[in-house]
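J.: This is the structure I have questions about; it appears just below.
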Amino acid sequence: EVQKHSVHTLVFRSLKRTHDMFVADNAKPIPLDEESHKVKMAVKLRTEYGSVLHMPTLKENLREKGGPNTGDPYGHKQYPGNQGQELEYLITGTHPYPPGPGVALTAETKVQRMPSESAAQSLAVALPASQARMDANRTAAGVGDIYRHAGISERSQPPGMSAAMVETGGNKNSALMAKKAPTMPKPQWHPPWKLYRVISGHLGWVRCIAVEPGNQWFVTGSADRTIKIWDLASGKLKLSLTGHISTVRGVIVSARSPYLFSCGEDKQVKCWDLEYNKVIRHYHGHLSAVYGLDLHPTIDVLVTCSRDSTARIWDVRTKASVHTLSGHTNAVATVKCQAAEPQIITGSHDTTIRLWDLVAGKTRVTLTNHKKSVRAVVLHPRHYTFASGSPDNIKQWKFPDGNFIQNLSGHNAIINTLAVNSDGVLVSGADNGTMHLWDWRTGYNFQRVHAAVQPGSLDSESGIFACVFDQSESRLLTAEADKTIKVYKEDDTATEETHPVSWKPEIIKRKRF
(Lines give C-alpha, C1' and ligand atoms only; values in the text may rest on other atoms or scores of the structure.)
Protein backbone atom coordinates (compact mmCIF):
# COMPACT_ATOMS: atom_id res chain seq x y z
CA GLU A 1 0.00 0.00 0.00
CA VAL A 2 1.37 3.43 -0.99
CA GLN A 3 1.53 5.83 1.93
CA LYS A 4 -0.23 9.12 1.17
CA HIS A 5 1.68 12.32 1.91
CA SER A 6 0.55 15.93 1.88
CA VAL A 7 1.54 18.09 -1.08
CA HIS A 8 3.70 20.09 1.34
CA THR A 9 5.75 16.99 2.28
CA LEU A 10 6.10 15.87 -1.35
CA VAL A 11 7.31 19.30 -2.47
CA PHE A 12 9.93 19.43 0.28
CA ARG A 13 11.11 15.90 -0.54
CA SER A 14 11.47 16.88 -4.17
CA LEU A 15 13.40 19.99 -3.16
CA LYS A 16 15.73 17.92 -0.98
CA ARG A 17 16.32 15.42 -3.80
CA THR A 18 17.17 18.23 -6.23
CA HIS A 19 19.45 19.86 -3.68
CA ASP A 20 21.33 16.61 -3.03
CA MET A 21 21.70 16.06 -6.76
CA PHE A 22 23.32 19.43 -7.47
CA VAL A 23 25.00 20.32 -4.17
CA ALA A 24 28.38 18.94 -5.32
CA ASP A 25 28.53 21.40 -8.26
CA ASN A 26 27.50 24.39 -6.16
CA ALA A 27 30.74 26.41 -6.05
CA LYS A 28 32.53 25.09 -9.14
CA PRO A 29 33.59 27.78 -11.60
CA ILE A 30 32.25 27.40 -15.13
CA PRO A 31 35.08 26.18 -17.44
CA LEU A 32 36.31 28.96 -19.72
CA ASP A 33 35.86 28.29 -23.42
CA GLU A 34 38.89 29.83 -25.15
CA GLU A 35 37.18 30.48 -28.50
CA SER A 36 34.11 32.22 -27.06
CA HIS A 37 36.34 34.22 -24.71
CA LYS A 38 38.34 35.54 -27.70
CA VAL A 39 35.14 36.52 -29.54
CA LYS A 40 33.80 38.21 -26.40
CA MET A 41 37.00 40.20 -25.87
CA ALA A 42 37.10 41.27 -29.54
CA VAL A 43 33.51 42.53 -29.38
CA LYS A 44 34.16 44.25 -26.05
CA LEU A 45 37.29 45.91 -27.43
CA ARG A 46 35.43 47.23 -30.47
CA THR A 47 32.34 48.49 -28.56
CA GLU A 48 34.04 49.96 -25.49
CA TYR A 49 37.38 51.14 -26.87
CA GLY A 50 36.51 51.77 -30.53
CA SER A 51 36.73 55.53 -30.11
CA VAL A 52 40.39 55.38 -28.96
CA LEU A 53 41.73 52.47 -31.05
CA HIS A 54 43.38 54.86 -33.50
CA MET A 55 45.51 56.30 -30.68
CA PRO A 56 48.99 54.81 -30.13
CA THR A 57 50.08 52.85 -27.09
CA LEU A 58 52.65 54.42 -24.80
CA LYS A 59 56.26 53.49 -25.48
CA GLU A 60 56.72 51.88 -22.05
CA ASN A 61 53.98 49.41 -23.01
CA LEU A 62 55.73 48.55 -26.28
CA ARG A 63 58.98 47.97 -24.42
CA GLU A 64 57.24 45.54 -22.05
CA LYS A 65 55.83 43.63 -25.01
CA GLY A 66 59.20 43.19 -26.68
CA GLY A 67 60.42 46.48 -28.09
CA PRO A 68 59.20 48.75 -30.87
CA ASN A 69 59.45 46.02 -33.56
CA THR A 70 56.43 44.22 -32.15
CA GLY A 71 53.06 44.94 -33.82
CA ASP A 72 50.86 46.80 -31.37
CA PRO A 73 47.69 45.12 -30.03
CA TYR A 74 45.40 47.30 -32.10
CA GLY A 75 46.80 46.15 -35.45
CA HIS A 76 48.88 49.28 -36.31
CA LYS A 77 51.77 48.07 -38.44
CA GLN A 78 55.21 49.54 -37.92
CA TYR A 79 57.32 49.72 -41.06
CA PRO A 80 61.13 49.38 -41.10
CA GLY A 81 61.57 53.02 -42.12
CA ASN A 82 59.89 54.17 -38.94
CA GLN A 83 61.73 51.94 -36.47
CA GLY A 84 63.51 53.78 -33.68
CA GLN A 85 61.68 57.02 -34.50
CA GLU A 86 58.73 58.50 -32.68
CA LEU A 87 55.69 58.12 -34.94
CA GLU A 88 53.70 61.22 -35.77
CA TYR A 89 49.93 60.86 -35.70
CA LEU A 90 47.40 63.35 -36.93
CA ILE A 91 44.13 63.38 -35.03
CA THR A 92 41.64 64.43 -37.65
CA GLY A 93 37.94 65.08 -37.40
CA THR A 94 35.13 67.33 -38.58
CA HIS A 95 36.62 70.28 -36.67
CA PRO A 96 40.20 71.37 -36.03
CA TYR A 97 41.29 69.80 -32.76
CA PRO A 98 42.90 72.05 -30.11
CA PRO A 99 45.63 70.52 -27.88
CA GLY A 100 43.66 70.94 -24.68
CA PRO A 101 40.62 72.57 -23.07
CA GLY A 102 40.58 76.36 -23.20
CA VAL A 103 43.24 76.66 -25.96
CA ALA A 104 42.42 79.05 -28.81
CA LEU A 105 42.56 77.72 -32.37
CA THR A 106 45.50 79.28 -34.24
CA ALA A 107 47.51 78.21 -37.26
CA GLU A 108 49.87 76.24 -34.99
CA THR A 109 47.15 74.54 -32.94
CA LYS A 110 44.82 73.50 -35.73
CA VAL A 111 46.63 70.19 -36.22
CA GLN A 112 47.45 68.11 -33.18
CA ARG A 113 50.70 66.15 -33.30
CA MET A 114 51.20 63.06 -31.20
CA PRO A 115 52.04 64.40 -27.72
CA SER A 116 54.95 63.30 -25.59
CA GLU A 117 54.33 60.92 -22.69
CA SER A 118 53.79 63.71 -20.15
CA ALA A 119 51.47 65.55 -22.53
CA ALA A 120 49.53 62.34 -23.12
CA GLN A 121 48.93 62.04 -19.38
CA SER A 122 47.65 65.62 -19.17
CA LEU A 123 45.42 64.92 -22.18
CA ALA A 124 44.00 61.86 -20.40
CA VAL A 125 43.04 64.07 -17.45
CA ALA A 126 41.11 66.35 -19.82
CA LEU A 127 39.25 63.46 -21.44
CA PRO A 128 35.81 62.41 -20.17
CA ALA A 129 36.01 60.05 -17.16
CA SER A 130 35.17 56.88 -19.06
CA GLN A 131 37.75 57.57 -21.79
CA ALA A 132 40.48 58.42 -19.27
CA ARG A 133 39.71 55.14 -17.56
CA MET A 134 40.06 53.25 -20.85
CA ASP A 135 43.48 54.83 -21.44
CA ALA A 136 44.55 53.99 -17.90
CA ASN A 137 43.53 50.39 -18.47
CA ARG A 138 45.98 50.23 -21.35
CA THR A 139 49.03 50.96 -19.17
CA ALA A 140 47.92 49.19 -16.00
CA ALA A 141 47.30 45.48 -15.78
CA GLY A 142 43.70 44.64 -14.91
CA VAL A 143 42.65 42.04 -12.36
CA GLY A 144 41.77 39.68 -15.19
CA ASP A 145 45.29 40.01 -16.66
CA ILE A 146 46.92 39.21 -13.33
CA TYR A 147 44.80 36.11 -12.92
CA ARG A 148 45.28 35.01 -16.53
CA HIS A 149 49.08 35.35 -16.25
CA ALA A 150 48.94 33.29 -13.08
CA GLY A 151 47.06 30.57 -14.98
CA ILE A 152 43.78 31.07 -13.08
CA SER A 153 40.52 31.69 -14.84
CA GLU A 154 39.04 35.14 -14.29
CA ARG A 155 35.77 33.67 -12.99
CA SER A 156 37.41 31.96 -10.06
CA GLN A 157 38.79 35.09 -8.46
CA PRO A 158 37.93 35.24 -4.78
CA PRO A 159 34.70 37.06 -3.86
CA GLY A 160 34.93 40.39 -2.09
CA MET A 161 38.10 41.38 -3.95
CA SER A 162 38.19 44.51 -6.04
CA ALA A 163 40.87 46.01 -8.18
CA ALA A 164 41.85 49.44 -7.02
CA MET A 165 43.85 51.66 -9.32
CA VAL A 166 46.53 53.21 -7.16
CA GLU A 167 48.36 56.19 -8.60
CA THR A 168 51.55 57.25 -6.89
CA GLY A 169 53.92 59.74 -8.48
CA GLY A 170 52.73 59.03 -12.01
CA ASN A 171 53.27 55.25 -11.72
CA LYS A 172 50.06 53.32 -12.19
CA ASN A 173 49.91 49.89 -10.61
CA SER A 174 47.06 47.59 -9.70
CA ALA A 175 46.47 46.64 -6.09
CA LEU A 176 44.06 43.98 -4.95
CA MET A 177 42.16 45.23 -1.95
CA ALA A 178 39.55 43.27 0.00
CA LYS A 179 36.34 45.29 0.31
CA LYS A 180 35.41 45.65 3.95
CA ALA A 181 31.69 45.20 4.38
CA PRO A 182 30.07 48.10 6.27
CA THR A 183 29.00 47.23 9.80
CA MET A 184 26.32 48.76 11.97
CA PRO A 185 27.75 51.25 14.48
CA LYS A 186 27.06 50.52 18.15
CA PRO A 187 23.65 51.94 19.06
CA GLN A 188 23.13 54.40 21.90
CA TRP A 189 21.69 52.75 25.02
CA HIS A 190 18.09 53.69 25.84
CA PRO A 191 16.23 52.56 28.98
CA PRO A 192 13.29 50.25 28.23
CA TRP A 193 9.76 51.68 28.41
CA LYS A 194 7.09 50.13 30.63
CA LEU A 195 3.31 50.45 30.77
CA TYR A 196 2.20 52.30 33.87
CA ARG A 197 -1.34 53.53 33.20
CA VAL A 198 -4.36 52.47 31.15
CA ILE A 199 -7.08 55.11 30.69
CA SER A 200 -10.55 54.04 29.56
CA GLY A 201 -13.62 56.15 28.83
CA HIS A 202 -14.19 56.08 25.08
CA LEU A 203 -16.90 53.80 23.69
CA GLY A 204 -15.12 53.13 20.39
CA TRP A 205 -11.65 52.76 18.90
CA VAL A 206 -9.37 55.63 19.94
CA ARG A 207 -8.12 56.89 16.56
CA CYS A 208 -6.01 59.97 17.32
CA ILE A 209 -4.19 61.70 20.15
CA ALA A 210 -2.40 65.04 20.75
CA VAL A 211 -0.71 66.70 23.75
CA GLU A 212 -1.20 70.43 24.33
CA PRO A 213 1.90 72.68 24.29
CA GLY A 214 1.70 73.42 28.05
CA ASN A 215 1.86 69.67 28.85
CA GLN A 216 -1.11 69.89 31.29
CA TRP A 217 -3.64 67.85 29.32
CA PHE A 218 -4.06 65.81 26.16
CA VAL A 219 -6.87 65.25 23.71
CA THR A 220 -8.16 62.11 21.97
CA GLY A 221 -10.60 61.49 19.12
CA SER A 222 -12.56 58.28 18.77
CA ALA A 223 -14.87 56.15 16.64
CA ASP A 224 -17.60 56.98 19.20
CA ARG A 225 -17.67 60.45 17.47
CA THR A 226 -16.49 62.30 20.59
CA ILE A 227 -13.36 64.28 21.41
CA LYS A 228 -12.22 63.90 25.01
CA ILE A 229 -9.75 66.03 26.97
CA TRP A 230 -7.82 64.29 29.78
CA ASP A 231 -5.56 65.50 32.59
CA LEU A 232 -2.06 64.30 31.75
CA ALA A 233 -0.81 63.90 35.33
CA SER A 234 -3.80 62.01 36.77
CA GLY A 235 -5.40 60.53 33.65
CA LYS A 236 -8.82 61.88 34.70
CA LEU A 237 -11.40 63.02 32.12
CA LYS A 238 -11.80 66.82 32.07
CA LEU A 239 -14.16 67.39 29.12
CA SER A 240 -16.04 65.71 26.26
CA LEU A 241 -16.78 67.56 23.00
CA THR A 242 -19.50 66.35 20.63
CA GLY A 243 -20.20 67.61 17.13
CA HIS A 244 -18.72 65.16 14.64
CA ILE A 245 -21.22 62.76 13.09
CA SER A 246 -18.65 60.05 12.27
CA THR A 247 -15.28 58.74 13.50
CA VAL A 248 -12.85 61.49 14.59
CA ARG A 249 -9.58 60.75 12.73
CA GLY A 250 -7.31 63.68 13.65
CA VAL A 251 -6.84 66.21 16.48
CA ILE A 252 -4.21 68.88 17.07
CA VAL A 253 -3.87 71.73 19.58
CA SER A 254 -2.55 75.10 18.42
CA ALA A 255 0.49 76.60 20.16
CA ARG A 256 -0.35 80.06 18.79
CA SER A 257 -4.00 80.39 19.86
CA PRO A 258 -6.47 78.69 22.27
CA TYR A 259 -7.83 76.53 19.44
CA LEU A 260 -8.24 72.81 18.92
CA PHE A 261 -8.62 71.46 15.38
CA SER A 262 -10.30 68.16 14.53
CA CYS A 263 -11.22 66.21 11.41
CA GLY A 264 -13.20 63.06 10.75
CA GLU A 265 -14.74 60.59 8.38
CA ASP A 266 -17.75 62.93 8.07
CA LYS A 267 -15.59 65.11 5.69
CA GLN A 268 -15.63 67.88 8.30
CA VAL A 269 -12.71 69.92 9.60
CA LYS A 270 -13.62 71.88 12.74
CA CYS A 271 -11.93 74.58 14.80
CA TRP A 272 -12.91 74.56 18.49
CA ASP A 273 -12.46 77.57 20.77
CA LEU A 274 -11.30 76.08 24.09
CA GLU A 275 -12.37 79.17 26.05
CA TYR A 276 -16.01 78.48 25.11
CA ASN A 277 -15.68 74.76 24.18
CA LYS A 278 -17.60 75.45 20.98
CA VAL A 279 -16.97 75.06 17.27
CA ILE A 280 -16.19 78.48 15.83
CA ARG A 281 -15.13 77.58 12.26
CA HIS A 282 -15.72 74.87 9.67
CA TYR A 283 -13.38 74.27 6.72
CA HIS A 284 -15.43 72.96 3.79
CA GLY A 285 -13.92 71.44 0.65
CA HIS A 286 -12.90 67.80 1.06
CA LEU A 287 -14.99 65.35 -0.94
CA SER A 288 -14.43 62.34 1.32
CA ALA A 289 -13.23 61.31 4.79
CA VAL A 290 -10.47 63.51 6.24
CA TYR A 291 -7.72 61.26 7.62
CA GLY A 292 -5.23 63.66 9.19
CA LEU A 293 -4.26 67.26 9.85
CA ASP A 294 -1.32 69.36 11.01
CA LEU A 295 -0.66 73.01 11.86
CA HIS A 296 2.20 75.00 10.41
CA PRO A 297 4.60 75.94 13.26
CA THR A 298 5.17 79.57 12.26
CA ILE A 299 2.20 80.79 10.18
CA ASP A 300 -1.57 80.50 10.69
CA VAL A 301 -2.05 77.71 8.20
CA LEU A 302 -3.80 74.36 8.63
CA VAL A 303 -3.10 71.38 6.34
CA THR A 304 -5.51 68.42 6.04
CA CYS A 305 -5.32 65.19 4.04
CA SER A 306 -8.19 63.10 2.80
CA ARG A 307 -9.44 59.94 1.15
CA ASP A 308 -10.22 62.09 -1.89
CA SER A 309 -6.45 61.83 -2.80
CA THR A 310 -5.73 65.48 -1.98
CA ALA A 311 -4.27 67.55 0.81
CA ARG A 312 -5.68 71.03 1.39
CA ILE A 313 -4.04 74.12 2.85
CA TRP A 314 -6.41 76.39 4.79
CA ASP A 315 -6.04 79.91 6.13
CA VAL A 316 -6.98 79.42 9.81
CA ARG A 317 -8.63 82.84 10.19
CA THR A 318 -10.49 83.28 6.89
CA LYS A 319 -11.37 79.55 6.38
CA ALA A 320 -10.24 79.97 2.74
CA SER A 321 -8.68 77.02 0.92
CA VAL A 322 -5.29 78.46 -0.11
CA HIS A 323 -4.13 75.44 -2.16
CA THR A 324 -5.38 71.99 -3.06
CA LEU A 325 -2.34 69.71 -3.27
CA SER A 326 -3.26 67.17 -5.93
CA GLY A 327 -0.99 64.50 -7.35
CA HIS A 328 -1.53 61.43 -5.21
CA THR A 329 -3.57 58.69 -6.89
CA ASN A 330 -5.07 57.19 -3.73
CA ALA A 331 -6.12 58.25 -0.23
CA VAL A 332 -3.64 60.52 1.56
CA ALA A 333 -3.18 58.97 5.00
CA THR A 334 -0.85 61.37 6.77
CA VAL A 335 0.43 64.94 6.53
CA LYS A 336 3.18 66.80 8.40
CA CYS A 337 4.29 70.47 8.44
CA GLN A 338 7.60 72.12 9.29
CA ALA A 339 9.02 75.64 9.14
CA ALA A 340 11.92 74.70 6.81
CA GLU A 341 11.59 73.69 3.17
CA PRO A 342 9.93 71.44 2.14
CA GLN A 343 7.18 72.72 4.44
CA ILE A 344 4.64 69.95 3.79
CA ILE A 345 5.15 66.17 3.62
CA THR A 346 2.37 63.71 2.74
CA GLY A 347 2.20 59.91 2.78
CA SER A 348 -0.40 58.05 0.76
CA HIS A 349 -2.01 54.68 0.06
CA ASP A 350 -0.60 54.99 -3.47
CA THR A 351 2.75 53.99 -1.78
CA THR A 352 4.41 57.36 -2.44
CA ILE A 353 5.60 60.20 -0.22
CA ARG A 354 5.47 63.73 -1.61
CA LEU A 355 7.41 66.79 -0.45
CA TRP A 356 5.51 69.96 -1.36
CA ASP A 357 6.35 73.57 -2.11
CA LEU A 358 3.89 75.47 0.11
CA VAL A 359 4.10 78.75 -1.83
CA ALA A 360 3.54 77.25 -5.30
CA GLY A 361 1.25 74.46 -4.11
CA LYS A 362 3.20 71.95 -6.21
CA THR A 363 5.21 68.79 -5.61
CA ARG A 364 8.95 69.29 -5.12
CA VAL A 365 9.90 65.60 -4.82
CA THR A 366 8.03 62.28 -5.07
CA LEU A 367 9.57 59.32 -3.22
CA THR A 368 8.52 55.98 -4.69
CA ASN A 369 10.68 53.57 -2.66
CA HIS A 370 7.89 52.03 -0.57
CA LYS A 371 6.06 49.03 -2.01
CA LYS A 372 2.94 49.41 0.16
CA SER A 373 0.72 52.13 1.64
CA VAL A 374 2.48 54.83 3.65
CA ARG A 375 0.24 55.45 6.67
CA ALA A 376 2.67 57.28 8.95
CA VAL A 377 5.32 59.99 8.63
CA VAL A 378 7.28 61.58 11.49
CA LEU A 379 9.80 64.45 11.49
CA HIS A 380 12.82 64.33 13.80
CA PRO A 381 12.64 67.24 16.29
CA ARG A 382 16.35 68.11 15.95
CA HIS A 383 17.80 66.58 12.79
CA TYR A 384 16.83 67.65 9.28
CA THR A 385 15.48 64.14 8.64
CA PHE A 386 12.21 62.21 8.71
CA ALA A 387 10.88 58.64 8.76
CA SER A 388 7.99 56.95 6.99
CA GLY A 389 6.17 53.77 7.98
CA SER A 390 4.73 51.13 5.69
CA PRO A 391 4.06 47.37 6.03
CA ASP A 392 7.21 46.66 3.95
CA ASN A 393 9.66 48.80 5.98
CA ILE A 394 10.26 51.89 8.01
CA LYS A 395 12.50 54.17 5.97
CA GLN A 396 14.54 57.18 7.03
CA TRP A 397 15.10 60.13 4.70
CA LYS A 398 17.12 63.31 4.54
CA PHE A 399 15.62 66.73 3.79
CA PRO A 400 15.32 68.73 1.60
CA ASP A 401 15.47 66.33 -1.37
CA GLY A 402 14.31 63.13 0.33
CA ASN A 403 17.63 61.27 0.02
CA PHE A 404 17.30 57.73 1.38
CA ILE A 405 19.26 57.04 4.60
CA GLN A 406 18.39 53.54 5.80
CA ASN A 407 15.71 50.88 6.28
CA LEU A 408 14.46 49.81 9.71
CA SER A 409 13.29 46.26 9.07
CA GLY A 410 11.58 43.87 11.43
CA HIS A 411 8.20 45.40 12.26
CA ASN A 412 6.24 43.10 9.96
CA ALA A 413 2.77 44.55 10.36
CA ILE A 414 0.63 47.44 9.11
CA ILE A 415 2.30 50.45 10.73
CA ASN A 416 -0.33 53.04 11.65
CA THR A 417 1.78 55.50 13.59
CA LEU A 418 5.32 56.74 14.25
CA ALA A 419 6.69 59.02 16.99
CA VAL A 420 10.24 60.16 17.75
CA ASN A 421 11.78 62.13 20.62
CA SER A 422 14.91 64.30 20.91
CA ASP A 423 16.78 61.42 22.55
CA GLY A 424 16.59 59.45 19.31
CA VAL A 425 13.91 56.94 20.33
CA LEU A 426 11.64 56.09 17.40
CA VAL A 427 8.36 54.31 18.19
CA SER A 428 6.31 52.43 15.60
CA GLY A 429 2.79 51.26 16.45
CA ALA A 430 1.01 48.63 14.37
CA ASP A 431 -2.45 47.33 13.57
CA ASN A 432 -1.79 44.06 15.41
CA GLY A 433 -1.10 45.82 18.73
CA THR A 434 2.71 45.52 18.62
CA MET A 435 4.94 48.48 19.34
CA HIS A 436 8.63 48.54 18.41
CA LEU A 437 11.17 51.00 19.82
CA TRP A 438 14.23 51.85 17.71
CA ASP A 439 17.47 53.78 18.05
CA TRP A 440 17.09 56.51 15.40
CA ARG A 441 20.76 56.78 14.40
CA THR A 442 21.58 53.11 13.89
CA GLY A 443 18.13 51.64 13.26
CA TYR A 444 18.62 49.12 16.11
CA ASN A 445 15.36 47.71 17.51
CA PHE A 446 15.99 47.79 21.28
CA GLN A 447 12.50 46.88 22.56
CA ARG A 448 9.28 45.22 21.43
CA VAL A 449 6.04 45.67 23.36
CA HIS A 450 2.68 43.94 22.98
CA ALA A 451 0.43 45.11 25.81
CA ALA A 452 -2.56 43.00 26.83
CA VAL A 453 -5.98 44.23 25.75
CA GLN A 454 -8.42 45.75 28.22
CA PRO A 455 -10.42 43.08 30.11
CA GLY A 456 -13.63 42.32 28.23
CA SER A 457 -12.09 43.05 24.82
CA LEU A 458 -11.39 40.50 22.12
CA ASP A 459 -7.76 39.68 21.36
CA SER A 460 -8.43 40.86 17.81
CA GLU A 461 -9.08 44.35 19.26
CA SER A 462 -5.36 44.69 19.86
CA GLY A 463 -4.23 47.56 17.64
CA ILE A 464 -2.39 50.88 17.95
CA PHE A 465 -3.82 53.71 15.85
CA ALA A 466 -1.76 56.64 17.14
CA CYS A 467 1.09 57.37 19.54
CA VAL A 468 2.73 60.55 20.74
CA PHE A 469 5.36 61.68 23.27
CA ASP A 470 4.32 64.34 25.77
CA GLN A 471 6.16 67.69 25.74
CA SER A 472 8.70 66.53 28.36
CA GLU A 473 9.31 63.37 26.25
CA SER A 474 9.23 61.27 29.44
CA ARG A 475 5.77 59.79 28.71
CA LEU A 476 4.54 57.93 25.66
CA LEU A 477 0.78 57.81 25.00
CA THR A 478 -0.85 55.33 22.63
CA ALA A 479 -4.41 55.33 21.25
CA GLU A 480 -5.68 51.78 20.85
CA ALA A 481 -8.40 49.58 19.36
CA ASP A 482 -9.47 48.20 22.78
CA LYS A 483 -10.95 51.73 23.45
CA THR A 484 -8.15 52.67 25.87
CA ILE A 485 -5.28 55.11 26.03
CA LYS A 486 -2.10 53.50 27.38
CA VAL A 487 0.65 55.55 28.99
CA TYR A 488 4.26 54.33 29.05
CA LYS A 489 7.28 55.72 30.87
CA GLU A 490 10.99 54.92 30.94
CA ASP A 491 12.04 52.31 33.48
CA ASP A 492 14.00 54.37 36.07
CA THR A 493 15.55 51.28 37.65
CA ALA A 494 17.07 49.98 34.40
CA THR A 495 20.79 50.47 33.73
CA GLU A 496 23.08 49.41 30.90
CA GLU A 497 24.23 46.51 33.10
CA THR A 498 20.73 45.18 33.84
CA HIS A 499 19.47 45.73 30.26
CA PRO A 500 22.52 45.44 27.99
CA VAL A 501 22.26 46.10 24.27
CA SER A 502 22.09 42.65 22.68
CA TRP A 503 23.79 44.02 19.62
CA LYS A 504 26.19 42.33 17.22
CA PRO A 505 28.11 44.41 14.67
CA GLU A 506 26.50 42.45 11.85
CA ILE A 507 26.85 43.34 8.21
CA ILE A 508 24.16 45.84 7.34
CA LYS A 509 21.93 45.79 4.28
CA ARG A 510 20.71 49.32 4.76
CA LYS A 511 21.00 50.73 1.25
CA ARG A 512 18.50 48.30 -0.19
CA PHE A 513 15.29 49.85 -1.38
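The values are calculated or read from the model by the stated rules, or taken from the named source; none is laboratory data. Quantities reported herein were computed from a predicted structural model and do not represent experimental measurements. Cβ sites come from the backbone with ideal geometry, for glycine too, and all protein chains shown count toward neighbours. Accessible surface is based on the protein model in full, side chains and every heavy atom, while ligands, DNA and RNA are left aside. Shrake-Rupley method; radii C 1.70, N 1.55, O 1.52, S 1.80 Å.
J.: Put a dot 7 Å past each Cα toward the Cβ at ARG448 and LYS371; how far apart are the dots in nm?
T.: 2.0
J.: Where in region 416-437 is the amide nitrogen less than 18 Å from a point lying 7 Å along the Cα-to-Cβ axis of THR385?
T.: Residues 418-428, 437 qualify, since their backbone N sits under 18 Å from the label point.
J.: What is region 196-490's relative contact order, in percent, from Cα pairs under 8 angstrom and six or more apart in sequence?
T.: Relative contact order comes out at 13 percent.
J.: Mean separation of Cα pairs under 8 Å and 6+ residues apart, divided by the residue count of region 282-379: what relative contact order is that in percent?
T.: 20
J.: A further question follows. Could you check the simple spin-label distance between PHE22 and ASP423, using points 7 Å along Cα→Cβ, in nm with one decimal?
T.: 5.2
J.: Rank LEU232, LEU477 by accessible area, highest first, at a 1.4 Å probe radius?
T.: LEU232, LEU477
J.: Right, next: Can you compute the FRET efficiency between LYS319 and ALA494 using 1/(1 + (r/R0)^6), with r the Cβ-Cβ distance and R0 = 45 Å? Round to the nearest 0.05.
T.: It comes to 0.35.
J.: Measure up LYS362/LYS483; LYS336/LYS371; LYS228/LYS371 against 31 Å on the Cα-Cα distance and list the ones that go over.
T.: Violating the 31 Å Cα-Cα cut-off are LYS362/LYS483; LYS228/LYS371.
J.: Something else about it: Between LYS186 and ASN403, what is the spin-label point distance in nm, taking each point 7 Å from the Cα along the Cα→C-beta axis?
T.: So the two model labels end up 2.8 nm from each other.
J.: Let me ask you something else. With no solvent and one equal point scatterer placed on each C-alpha of region 196-490, evaluate the Debye formula and give log10 I(q)/I(0) for q = 0.06, 0.12, 0.14 Å⁻¹, two decimals.
T.: For the requested q values the scattering log ratios are -0.16, -0.71, -1.00.
J.: Grab the beta carbon distance between THR242 and SER14, set R0 = 51 Å, and tell me the FRET efficiency rounded to 0.05.
T.: 0.20
J.: How big is the convex hull of the Cα atoms of region 259-359, per residue, in Å³?
T.: Hull volume normalised by residue count: 83 Å³.
J.: List the trypsin sites (Lys or Arg not before Pro) within region 210-298 that fall in a DSSP loop (any state other than H, G, I, E or B) and whose Cβ has at most 16 other Cβ atoms within 10 Å.
T.: LYS236, ARG256
J.: Shifting gears a bit: Looking at the P(r) of region 369-505, how many percent of alpha-carbon pairs lie beyond 19 Å?
T.: Result for the distance tail: 51 percent.
J.: Related question: Under the 0.36 nm per residue contour assumption, what length would be gained going from the current alpha-carbon distance of ALA255 and THR47 to full extension?
T.: The ALA255-THR47 span can extend by a further 68.4 nm.
J.: Let me ask something additional. Exactly which chymotrypsin sites (Phe, Trp or Tyr not before Pro) in region 242-327 are in a DSSP loop and have at most 11 other Cβ atoms within 10 Å?
T.: TYR276
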